[in-house]
Amino acid sequence: MIQEIAQDDYKEAIAATQAGVLIVFKELCPHCKNMEKVMEKFSALLPGVALLGLDIQKNPDAAAALEAERAPTLFVIKNGAVAQKKTGLMNPKELLALYKAC
Amino acid sequence: MKPVHHYDCIILGGGPAGMTAGIYAARAKLKAVVLESNITGGLVNSTYTVENYPSYPSIHGMELMQRMREHLDSFEVPVEEVCEVERLDLTGVVKVVETDEAIYQARAVILATGRKPVPLETPTPCDQVHHCAICDGAPYAGKRVLVCGGGNSAFDESLYLLSLGVAHITLIEIMPRFFAAAATQESLLGSGKAEGHTETRVVDLEVAGDLLVAAILENVATGKTWREEVDGVFVFLGQRPSNELFKDQVTLTEAGYVPATSDMSTNLPGVFAAGDIVDKPFRQITTAVADGTVAALSVERFLRAR
């Protein structure tokens, strides 16, 4: 289950996340919907990793601060900080490899 | 060890054809499953506005597909999304589909894998090449973009890009004329913010650092080339049939489509086809829905006869 975060709490949410994946998404974006499903399957492969979501249209300043211009953009979060960023599509195994690589 | 699931019918693909087949299969009391490599909805999900699906004069493609999905879900047909098919055996009486997570077996299969967009192939790779205006259009407000393609998608998506505030669009088509509906062509080319070139193709892209700065275009009739300053490229060059999974098992046309009969059967007993993967003159949501209907009813007839 992806927990949606917003402009006014995204910094705190990231800082409070020891292990997580954040998707910067856009409503009505098919690739974002795809990646949300990929994140759910990734979560089944690696339980305990928090799944976060930030709507780029509702939260443009936060997205800009994260340097997320396109949707979907994914961030691996470890120990309360962004450890990796990747834009575009991945399958669950690729997301798992990206997560484990950092 | 992967779990093995037994069904009456496996539907490969969750676009309009596959979802409709699922609805009809469920109503026929067949045990069916839909396996989709992406999310359900297919190419319609990337369509900004659908205006030719009866009962919805105008609706966003993803919203229409969400409603179709809700209808399918109301029959409790299992749907596996982001599902990677690793092995497909259609030749036996029992068909086998192995995915990354499970093995599915059934006496009937409906191929509804649709098509995928043709990519733009240029010598220089570039991050500013896109295939979805809805997804990637917003950052180009106030900027100049190149749109590749002269069909309805290219023109419709160009109008959407203008609505996002794109400053100027250069639209190119390699054929001698544009193929989009006349009214749509007039809307775009009469906007004062777009120009169109036929018999034109992209030769290369010019990148500075990580950013696109220009496209090198060529008039294929005269051989003349020129440099067009653009910040992004949106590609709508049509689609190719998604037949990789079964191209060695099912008879295909030279173009890679399934030459299904009127009951949507293929050359293999128990294997049916529906939607954009079928060899046919018109590929519309409505024709995909019709194919899905016929394919599911044919599966029912095929299974009941045994």
**Prompt:** Hey, what did region B:1-150 get for relative contact order, percent, Cα under 8 Å, at least 6 apart?
**Reply:** 29 percent
**Fill in**
Within region B:1-109, DSSP-loop GluC sites (Glu not before Pro) with at most 10 other C-beta atoms within 10 Å are B:Glu51, B:Glu76
**Fill in**
Straight-line reach check, A:Lys86, cutoff 22 Å on alpha carbons, 8 or more apart in-chain or any other chain, hits among lysines -> A:Lys11, A:Lys26, A:Lys33, A:Lys37, A:Lys41, A:Lys58, A:Lys78, A:Lys100
**Request:** Name the helices (complete DSSP H segments) of chain B with a Cα length along the long axis of 20 Å or more and a Kyte-Doolittle mean of at least 0.0, or state none.
**Result:** B:285-304
**Prompt:** How much accessible surface does B:Thr198 have with a 1.4 Å probe, in Å² rounded to 10?
**Reply:** 40 Å²
**Candidates per trypsin sites (Lys or Arg not before Pro) in region B:18-69, loop by DSSP, up to 10 other Cβ within 10 Å** = B:Lys29
**Distribution of pairwise C-alpha distances over the protein assembly as shown, 20 Å bins, in %** = 25, 54, 21, 0
**Complete:** For B:Gln185, the net charge from surrounding residues (Cβ-Cβ under 15 Å; K, R +1; D, E -1) works out to -3
**Request:** Go ahead and collect, in residue order, the members of region B:273-288 whose backbone nitrogen is under 16 Å from a label point 7 Å along the Cα-Cβ direction of B:Asp263.
**Result:** B:273-274
**Asked** What percent does the relative contact order of chain B come to when contacts are Cα pairs within less than 8 Å and at least six residues apart?
**Response** 21 percent
**Message:** What are the extents of the Cα atoms of chain A along their three principal axes, in Å, largest first?
**Reply:** 31, 30, 21
**Message:** Suppose accessible area is computed on protein heavy atoms with a 1.4 Å probe; arrange B:Glu218, A:Glu12 from highest to lowest.
**Reply:** A:Glu12, B:Glu218
**Message:** If you average the C-alpha positions of region B:114-129 and of region B:214-235 separately, how far apart do those two centres end up, in angstrom?
**Reply:** 15 Å
**Prompt:** Are there cysteines in the protein assembly as shown with no second cysteine's Cβ under 4.7 Å away, and if so, which?
**Reply:** A:Cys102, B:Cys9, B:Cys83, B:Cys126, B:Cys148
**Net charge contributed by nearby residues that have their C-beta within less than 13 Å of B:Glu84 (K/R +1, D/E -1)** = -4
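The values are calculated or read from the model by the stated rules, or taken from the named source; none is laboratory data. What you see is a predicted model, and the numbers here were worked out from it, not measured in a lab. All Cβ positions, even for glycine, are placed from backbone atoms using ideal geometry, and neighbour counts span all protein chains on display. All accessible areas refer to the heavy atoms of the entire protein, side chains included, with ligands and DNA or RNA removed. Shrake-Rupley method; radii C 1.70, N 1.55, O 1.52, S 1.80 Å.
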